[in-house]
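The structure appears below as structure tokens.
The values are calculated or read from the model by the stated rules, or taken from the named source; none is laboratory data. Please read all numbers here as calculations on a predicted model, not as lab measurements. Here Cβ is always computed from backbone atoms with ideal geometry, including for glycine, and neighbour counts include all displayed protein chains.
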Amino acid sequence: MARRSTKTPPPEEFEEKILDIDVVDEMQGSFLEYAYSVIYSRALPDARDGMKPVHRRIVYQMNEMGLRPDRGYVKCARVVGEVMGKLHPHGDASIYDALVRMAQPFSMRLPLVDGHGNFGSLGNDDPPAAMRYTECRMADATSLMTESIDEDTVDFQSNYDGQEREPVALPAAYPNLLVNGAAGIAVGMATNMPPHNLGEVVAAARHLIRHPNADLETLMRHVPGPDLPTGGRIVGLGGIRDAYETGRGTFKIRATVSVETVTARRKGLVVTELPFTVGPEKVIAKIKDLVGSKKLQGIADVKDLTDRQHGLRLVIEIKNGFIPEAVLEQLYKLTPMEESFGINNVALVDGQPLTLGLKELLEVYLDHRFEVVRRRSEFRRTKRRDRLHLVEGLLVALLDIDEVIRLIRSSENSAQAKERLIGHFSLSEVQTQYILDTPLRRLTKFDRIELESERDRLNGEIDELTGILESDAELRKLVSSELASVAKKFGTPRRTVLLESAGTPAPAATLQVADDPCRVLLSSTGLLARTATGEPLPEQGGRRTKHDVIVSAVLGTQRGEVGAVTSAGRLLRIAVIDLPQLPDTASEPNLAGGAPLAEFLSLDADESVVCLTTLDESSPGLALGTLQGVVKRVVPDYPSNKDELEVFALRDGDRIVGGSELRTGEEDLVFITSDAQLLRYPAAQVRPQGRAAGGMAGVKLAEGAEVLSFTAVDPAADAVVFTVAGSQGTLDDAHTTAKLTPFDQYPRKGRATGGVRCQRFLKGEDMLVFAWAGPVPARAAQKNGAPAELPAVDPRRDGSGTPLTSPVAVLAGPLG
């Protein structure tokens with residue numbers, strides 16, 4: 001038993017009192033209070049804005065200090081002092097540590113602080129400079145966290161001493177907890193959440209807004225896994241699915257490594273991405289220990305060539321006689337080049353720590369965002385109603401301004417004037433006071449017109465805000481559109497590659513090629529090949545070689561599949577692993593080492609491949625155009641149990657002449673017909689349809705005309721239109737004339753119209769025999785794949801052509 005005195009030294013007239021307390025009850029009560037304080041006030045993030053109190057206070061105070069992205073930097077010590085003095089009841093070290101992490105691009109997927117100075121390095125090998133040396137301001141995305149905070153969107157509470165007010169949660173215009181992750185150790189529990197890709201998380205949130213009962217499998221089509229700031233490769237998607245379902249799971253992160261010739265005599269492993277939170281110094285130290293203890297063989301030297309310009313580059317030289325791939329497997333096994341990450345999605349919901357899955361995390365955020373937008377709309381409507389009330393009162397006075405002036409002049413004082421105006425015009429006290437405070441210069445005819453326009457505008461805005469507040473559908477639509485705007489502005493491509501893991505040792509034949517990213521290429525002569533990596537190919541320029549015109553290129557993985565769309569409306573699957581691999585050289589991409597289509601596909605005599613496509617069901621889908629002017633956008637729905645799919649129900653005698661996999665859905669679709677008409681309109685005018693549908697009218701054809709070319713062109717990119725005029729059967733005739741025209745010379749028109757003329761025929765010419773529209777630089781080839789020369793650019797939209805020096809059979813733009 002513990003005995004605790006509850007008295008202070010009493011006067012003699014007071015009797016001494018001693019309270020007996022059970023030590024078990026005292027320890028339980030005190031420990032629970034301490035535990036709750038740590039959980040709620042320090043260690044765990046709020047599921048609404050994804051921030052711990054210290055992060056929230058830093059962001060809020062920086063916003064209050066006006067440290068916006070368009071302002072100058074200030075010393076971090078000043079920010080830390082403001083936060084500590086006004087909001088945070090702890091030391092400056094914890095505040096600065098949190099601020100530093102928010103500024104590190106290798107710690108946060110979307111950094112919240114724009115730092116200037118030394119903010120540390122990956123793995124904390126080089127610690128950050130002291131706060132008196134570094135400077136900071138809010139990052140571009142941070143303003144979204146505090147946007148509309150002054151419009152009564154969130155609740156406020158008193159700070160530690162009751163003299164300041166701080167938000168309970170920030171408005172958070174994007175799901176910060178999922179995007180940037182969190183890590184913290186509380187009492188009896190901890191949280192460890194990986195970062196994700198902003199675009200993917202927003203896509204999942206918008207899908208959940210449209211379909212509140214969506215299941216986890218559907219959401220994981222949008223968010224397939226974490227996207228770590230340092231890139232790398234995640235191995236083991238089973239643990240990710242467990243985490244998204246239950247809130248807990250484990251996956252492995254591997255470094256991104258390539259085998260290169262690093263010296264004249266040796267090959268080496270070049271590490272460009274390391275696992276999350278692992279720095280190069282840690283890897284180097286571990287390798288040296290293993291080599292020194294002879295637990296790892298085959299390594300000649302390790303060099304850290306990392307710099308600010310080129311990023312991480314760790315070169316591990318391999319001794320002659322050792323296989324680099326075999327050494328790499330040992331490095332994965334024995335060093336931090338492969339690390340495990342344990343997901344533990346613990347966050348505060350209504351003040352209670354809960355373990356949340358992916359759907360629950362999105363639901364908590366969306367509920368918060370709905371409430372923020374609702375409160376913001378209510379605040380704005382109230383403000384506009386108050387203003388409208390004043391405007392209407394002033395308009396009443398302006399209609400009879402002479403009487404208003406007479407009443408005011410004949411009154412003994414302002415109080416009497418107010419009473420007489422209220423009684424005569426039936427105004428409120430607020431309106432009357434506003435009229436009395438209005439200067440005479442505001443009583444002109446022009447001001448009356450302005451007030452009437454303001455009244456109409458306010459009524460329209462009030463009606464719009466009322467519609468949002470009274471309609472759950474409108475509220476959801478607004479939140480979804482705001483999320484889409486955020487993703488469009490701040491979204492970035494995925495950095496981390498996701499790889500499947502069987503969990504048991506795979507057969508040796510499978511291990512020969514990892515499921516790495518690659519690019520599948522189709523040449524103008526019908527040759528197929530794959531590249532060694534998914535990196536963009538070099539620009540097509542300089543010296544020309546045979547088979548160098550690549551008409552279609554899609555991203556894939558070495559053990560994945562891509563689709564080939566044929567002129568008969570079929571989509572045929574191709575196993576990427578079966579394609580020949582091009583060597584990693586290549587200042588000039590060409591498919592001389594490729595293999596013919598016939599080795600992989602069974603095509604009919606009059607059937608050809610028009611384009612390649614990924615089988616990614618999250619893409620905007622395929623755009624296809626036919627000989628008879630029909631257009632179709634295909635919904636990306638490709639069942640994995642079928643090797644052949646119909647993607648276009650063609651009419652009798654019709655065939656597909658062109659196709660493209662849309663990247664953004666904002667491209668322009670371009671038809672060019674044999675009678676020299678070009679029609680261009682946005683892809684958004686074509687409604688996506690299922691695979692069994694027959695499309696819709698794409699271009700209006702004149703009698704006897706047919707479609708020569710159908711392409712999808714990015715309207716923001718530089719593009720050209722190439723046409724060749726002649727008569728039937730003159731494609732290989734040297735007397736044909738050709739014209740190369742800037743794409744922006746052709747205006748947009750509506751779908752299913754006739755287009756505009758793209759080439760004027762000369763004597764002896766009655767039709768186009770070849771046409772193409774696409775981005776520059778464009779390159780041409782003959783039927784045998786030999787290079788062909790293009791004419792100079794002619795700015796005239798409907799001018800005539802010039803003679804060709806060599807026949808052109810195919811054209812293609814740069815590889816994306």
For Val486, indicate whether it is under 17 Å from Val562 (Cα atoms) and modelled with pLDDT of 85 or more.
no
Just for region 470-493: of the residues that are over 16 Å from Glu371 (Cα atoms) and charged (D, E, K, R), which one is farthest from the chain's Cα centre (by Cα)?
Lys489
Any idea how many residues of region 68-94 are in contact with a strand residue (DSSP E or B) (Cβ under 8 Å, 6 or more places away or on another chain), surrounded by 20 or more Cβ atoms within 10 Å (Cβ to Cβ) and at pLDDT 95 or above?
2
Determine which single condition Met62 fails, assuming it passes every other condition in (1) surrounded by 19 or more Cβ atoms within 10 Å (Cβ to Cβ); (2) among the hydrophobic types (A, V, I, L, M, F, W, C); (3) within 29 Å of Asn159 (Cα to Cα); (4) at pLDDT below 95.
(4)
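Would you call Pro127 exposed (fewer than 15 other Cβ atoms within 10 Å of the Cβ), farther than 19 Å from Leu361 by Cβ and of a type outside the set (Phe, Trp, Tyr)? Walk me through how you get there before you give the answer.
Working: exposed (fewer than 15 other Cβ atoms within 10 Å of the Cβ): yes; farther than 19 Å from Leu361 by Cβ: yes; of a type outside the set (Phe, Trp, Tyr): yes.
Against the criterion (exposed (fewer than 15 other Cβ atoms within 10 Å of the Cβ), farther than 19 Å from Leu361 by Cβ and of a type outside the set (Phe, Trp, Tyr)), Pro127 qualifies.
Mind counting the residues in region 468-484 that are assigned to a helix (DSSP H, G or I) and loosely packed, with under 13 Cβ neighbours inside 10 Å? So that I can check it myself, show each step before the final result.
Step one: filter region 468-484 for residues assigned to a helix (DSSP H, G or I), giving 468-470, 472-484.
From the residues that got through so far, the ones that are loosely packed, with under 13 Cβ neighbours inside 10 Å too are 470, 472-473, 481.
Matching residues across region 468-484 total 4.
Take the residues of region 564-614 that are of a type in the set (Asp, Glu) and not in a loop (DSSP other than H, G, I, E, B): which is modelled with the lowest pLDDT? Give the derivation first.
Of all residues in region 564-614, those of a type in the set (Asp, Glu) come to 578, 584, 588, 599, 604, 606-607.
Applying the additional criterion that residues be not in a loop (DSSP other than H, G, I, E, B) yields 578, 599.
Values: Asp578: 71, Glu599: 81.
So the residue we want is Asp578.
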Among the residues of region 429-464, count how many are surrounded by 14 or more Cβ atoms within 10 Å (Cβ to Cβ) and hydroxyl-bearing (Ser, Thr, Tyr).
3
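Hey, does region 95-105 have a residue that's buried (at least 18 other Cβ atoms within 10 Å of the Cβ), outside the structural domain of Glu482 (by TED's automatic domain parsing), of a type in the set (Ser, Thr, Tyr) and closer than 30 Å to Ala484 by Cα?
Looking through region 95-105, none of the residues is buried (at least 18 other Cβ atoms within 10 Å of the Cβ), outside the structural domain of Glu482 (by TED's automatic domain parsing), of a type in the set (Ser, Thr, Tyr) and closer than 30 Å to Ala484 by Cα.
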Tell me yes or no: at least one residue of region 41-52 is touching a Pro at 6+ places or on another chain (Cβ under 7 Å), in contact (Cβ under 8 Å) with a residue 60 or more places away in the chain, more than 19 Å from Leu110 (Cα to Cα) and assigned to a loop (DSSP other than H, G, I, E, B).
yes
Say whether the condition of being in a loop (DSSP other than H, G, I, E, B), surrounded by fewer than 14 Cβ atoms within 10 Å (Cβ to Cβ) and touching a helix residue (DSSP H, G or I) at 6+ places or on another chain (Cβ under 9 Å) is met by at least one residue in region 751-769.
no
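Take the residues in region 260-319 that are among the polar types (S, T, N, Q) and buried (at least 16 other Cβ atoms within 10 Å of the Cβ); name whichever of them is nearest to Leu122 (Cα to Cα).
Selected residue: Thr277.
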Does Met108 fit the bill of being farther than 30 Å from Thr355 by Cα and either within 25 Å of the chain's Cα centre (by Cα) or among the small types (Gly, Ala, Ser) (or both)?
no
Residue selected from region 665-695 under the condition in contact with a Leu (Cβ under 9 Å, 6 or more places away or on another chain) and basic (Lys, Arg), by the criterion modelled with the highest pLDDT:
Arg680
Please determine whether any residue of region 764-771 is among the acidic types (Asp, Glu), under 18 Å from Leu678 (Cα atoms) and touching a Lys or Arg at 6+ places or on another chain (Cβ under 9 Å).
no
Tell me which residues, restricted to region 80-94, are under 21 Å from Gln157 (Cβ atoms), without any contact (Cβ under 8 Å) to a residue 60 or more places away in the chain and either part of a helix (DSSP H, G or I) or not assigned by TED's automatic domain parsing to the domain that holds Pro167 (or both).
Glu82, Val83, Met84, Gly85, Ser94
Filtering region 682-720 down to residues that are over 33 Å from the mean Cα position of the chain (by Cα), surrounded by 16 or more Cβ atoms within 10 Å (Cβ to Cβ) and of a type outside the set (Val, Ile, Thr) yields Lys700, Leu701, Ala705, Glu706, Leu708
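Taking into account only those residues within region 183-203 that are among the aliphatic types (A, V, I, L, M) and surrounded by fewer than 24 Cβ atoms within 10 Å (Cβ to Cβ), which is farthest from Glu360 (Cα to Cα)?
Val187
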Sort out which residues of region 153-164 are surrounded by 13 or more Cβ atoms within 10 Å (Cβ to Cβ) and charged (D, E, K, R), and write them in order of number.
Glu164
